[in-house]
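A short reminder: the numbers here are calculations on the coordinates, not readings from a lab. This is a predicted model, so every value here is computed, not measured. As a convention, Cβ positions derive from the backbone with ideal geometry for all residues, glycine included, and neighbour counts pool all protein chains shown.
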Amino acid sequence: MSTGTVIDLKDKILIAIAGPEPPFELEGEYFNYSKADNDGKRRILKEQAKVVTTTMTNDEYLLDERKKFLEKIQKSELLRNENWTNERFMDGDAETTNSKFLAMKYFLARFNTAKQVSKALSQDKPNKNRREESDSELQPYVNQYKPPNRRILITENITFNELDQIPVYCDITKELDELVIPERLAFDYIDCNFVNKEKEKKLVDAINMSKERKNQIKCECAKKKLMCHKNVNYPCYRMNKAMQKIRHKGNTTAPCEFQSLGPNTLSHARNIFFDNCGFACSDECACEGNCDNNSLLIPLRHLFPLEIFQSDKDIGFSVRSPVFIPAGTPVMEFTGEIVERATLYGLSEELADEHAAYSIQWNYHDDWQFHKFFNSLNFTDEYKELLARLYKKKFYIDPTNIGNVGRMIAHSCCPNLEVLRVYRKSLSPAHVSLIMVTIEDVYPGTPFSFDYGAGYKVSKDTYLTTVCKCRLFSCQGNGSNDTFKTLDTHSMAVIIRRLHQMRRTT
Ligand SMILES: C[S@@+](CC[C@H](N)C(=O)[O-])C[C@H]1O[C@@H](n2cnc3c(N)ncnc32)[C@H](O)[C@@H]1O
C-alpha cells in the first residue's frame, strides 16, 4: 500500500475544476490522521475502535433513521416537497421497463466480449416451461443486511466532515483484541476529484484553457426556484439535453435522462459510458447548482445516511443506507485522482494492480461520437485540439490513496447502482464527475453494488466473476445457484419483479 497522503500532496494537487473546494484545513483529528502513513492511520483507527451494543430491533433502528432523514429533508426548501416514499420501480409502466433493464444488465454481466454478447442475445428466448420458484426459494436473494446487536465501531466518521457522517463497522470480529484494520481501510477522504499537477500536465493545460470564456459552459440565469433551468436557452440545460443524445452506433432506445432529483434513467444497459453522459449546472451558474439540471445535487449534499460495514471476509467492506432510495436517484459521487492510463500503469507492478483494483475507467479511447460532439461546439480551436489529444487516451478515477465512500462499494452480478459520467463547467477530462445512480428501488439495509465489469481480476489468473461472492440470484461465482446462472432475460425479469414485491412486504 502506498502512503501518499493529502499532506504530502498538498502543494501538488489541483482540485479538478468541476468540484467545490474540499475541507483542506487539516485541523484537529483530521490533521493527525492525514499526516500519518498507512500503518499510522491503521493504528489510529484501531485505537479509537470500540464495541457498541443496541437494544433496538432492526425495525426500530430503521424507523428511527427514516424519521431523522425526513426531518433533514423538511429543513431543506429545495427537497421538502419531494416524495421520498415513492417507489419508482413500481410506478406504473416503470416496473416492466425497469425489470427488463435490470435483466439485461445481469445478462450482460456474464460475457467478456461484444461477440459473445451478440451471440447470446440472438439465442435469448423465453422458456415457457420453466417452473417458477416459490417465495421461500427466492427468500435468500431478498438481500437486506441485518447487523448483530453487538458490533465493533471502527470509527464514527471516516469522512471527518460533520455534514457527511459515515461510520465504519466490523461485524466479523467479536472482540476488539481480534480486530485487524486492513490496509485498504486507511485512506484519506476527499469529496471531489483532483489532479496531480506534476503527473498530469496536459490536464492542467486543459483546466487553464477551460477558463477562457468560449470554453466555459455556465448559466447566467436569474436566481430562481427549482425549475429555473427549464428554459431552452440556458447553456447547461441545452448541453445536458445534447449530451444525453450522444449514442453508440445501433442504439435506438430513448436517450438517458440526467436531472437533480430523479428519476435519472439510462439509455441502455450496454456501452454505459458511451451512451449515458450528461451535463450539470454548477456553483459557477447563477442558480449555484440549486436547480433541476444538476445530477450532482444530492451527492454533493450528502443527503442519504450511509454506513460502511464488513460482514464478509472475502468481500471486505461494503456500503448500505438505512433509508429507502428510489430507482434513478444519484446517491453518491465516486471521487479520487483523475489519472491517465499511462500514469496508473506506470506505477510499480504491485502498486498498479492495487490501484487498478480500486479505479474506474470512465472513457474509451475510440469514442468518436464524443469527439464529434465536442468538435461541433464553439470552443477555441486550441482547446478542441487539446481535447482531441486527451480523449484518445483512457482516463481513470483512482481513489486508492485519496477517495471517498464510493471506493468501498462491492461488485455484484445483480448490481443496484450504475456509475455514470457527468460534466460541469466544460468538457475536459478534468471536468468529469462519476455519479452512482440507483437502477432499482433500494430498500433499507441493502448493500450497494455495481458491476465491476467482465475484465476485473482479483489475481493474475482469476476473474472476479468466477469467484464472486455477491450470492445474489444470478451470481456467476463458483458455488452459486446454477439454475439461475444461465437464465434468459425474460425469466430474470419475472424473478426481479417478484423479489421487489417480496422486499416491499418484508
Ligand atoms: C474496490 S474494492 C471494494 C472495497 C473492498 N471491499 C474493501 O474492503 O476495501 C474491490 C475488492 O473488494 C472485494 N470484492 C468486492 N466485491 C466482491 C464480490 N462480489 N465478491 C468477492 N470479492 C469482492 C475484492 O477483493 C475486490 O478486489
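Dividing the convex hull volume of the alpha carbon atoms of the chain by its residue count gives 154 Å³ per residue. Computed on the range 86-185, with alpha-carbon pairs under 8 angstrom and 6+ residues apart, the relative contact order is 13 percent.
The trypsin sites (Lys or Arg not before Pro) of the range 229-315 that DSSP puts in a loop, and whose beta carbon has at most 11 other beta carbons within 10 Å, are Lys230, Lys249, Lys313.
Place a point 7 Å from Cα of Asn112 in the direction of its Cβ. Which residues in the range 466-500 have their backbone N less than 14 Å from it? Under 14 Å, as judged by backbone N against the label point of Asn112, lie 466-467 of the range 466-500. Inter-label distance, Ala286 to Lys10: 3.9 nm, where each label sits 7 Å from its Cα along the C-beta direction. When the scattering of the range 177-331 is computed by the Debye formula from its Cα atoms alone, each counted once and equally, what is log10 I(q)/I(0) at q = 0.09, 0.15, 0.18, 0.19 Å⁻¹? For the range 177-331 at q = 0.09, 0.15, 0.18, 0.19 Å⁻¹, log10 I(q)/I(0) is -0.43, -1.05, -1.25, -1.29.
Packing order of peptides 433-440, 251-258, highest average first: 433-440, 251-258 (average count of other Cβ atoms within 10 Å over each peptide's residues).
In this simple spin-label approximation, Lys146 and Thr252 carry label points 7 Å from Cα along the Cα→Cβ vector, and these lie 4.9 nm apart. For the chain, the relative contact order works out to 21 percent when only alpha carbon pairs closer than 8 Å and six or more residues apart are counted. Pairs of C-alpha atoms in the range 276-322 farther apart than 18 Å represent 50 percent of all such pairs. The convex hull built on the alpha-carbon positions of the range 450-506 has an orientation-averaged projected area of 4.8 nm². If R0 is taken as 41 Å, the Cβ-Cβ distance between Arg504 and Ala352 corresponds to a FRET efficiency of 0.40. The GluC sites (Glu not before Pro) of the range 297-405 include none that meets both conditions, a loop assignment by DSSP and at most 14 other Cβ atoms within 10 Å of the site Cβ.
Using every pair of distinct Cα positions in the range 287-397, the Kirkwood expression returns a hydrodynamic radius of 17.6 angstrom.
Taking 27 Å as the limit for the C-alpha separation, the pairs Lys41/Lys393; Lys12/Lys46; Lys197/Lys313; Lys105/Lys249; Lys146/Lys469; Lys174/Lys457 exceed it in the case of Lys41/Lys393; Lys12/Lys46; Lys197/Lys313; Lys174/Lys457. The distance from the alpha carbon centre of the range 303-364 to that of the range 72-135 is 22 Å, rounded to a whole number. Projected label points at Glu132 and Val51, each 7 Å from Cα along the beta carbon direction, are separated by 4.8 nanometres. Over all distinct Cα-Cα pairs of the range 297-341, the Kirkwood formula returns a hydrodynamic radius of 12.8 Å. As a proxy for reagent exposure, ranking Tyr237, Tyr169 by other Cβ atoms within 10 Å from fewest up yields Tyr169, Tyr237. For Val442, the residues 5 or more places off, or on other chains, whose built amide H falls under 5 Å of its own are Ile325, Ala327. Note on the range 413-471: Cα-Cα pairs beyond 16 Å make up 59% of the total pair count.
Each Cα pair under 8 Å and six or more residues apart adds its separation to the average, and for the range 370-483 the resulting relative contact order is 23 percent.
Centre-to-centre separation between the Cα atoms of the range 141-213 and those of the range 430-463: 15 Å.
Stokes-Einstein diffusion for the range 180-222 at 20 °C, viscosity 1.002 mPa s, with a Kirkwood radius from C-alpha pairs, works out to 154 µm²/s. Once a ≥ b ≥ c are taken as the square roots of the eigenvalues of the Cα gyration tensor of the range 39-109, is the result rounded (a/c under 1.5), prolate (a/b larger than b/c) or oblate (a/b not larger than b/c)? Judged from the Cα gyration tensor, the range 39-109 comes out oblate (a/c at least 1.5, b/c at or above a/b).
Placing unit charges on the Cβ atoms only, positive for Lys and Arg and negative for Asp and Glu, gives the chain a dipole magnitude near 1700 debye about its Cα centre. Restriction of the GluC sites (Glu not before Pro) in the range 121-163 to DSSP coil positions whose beta-carbon has at most 13 other beta-carbons within 10 angstrom yields Glu132, Glu156, Glu162.
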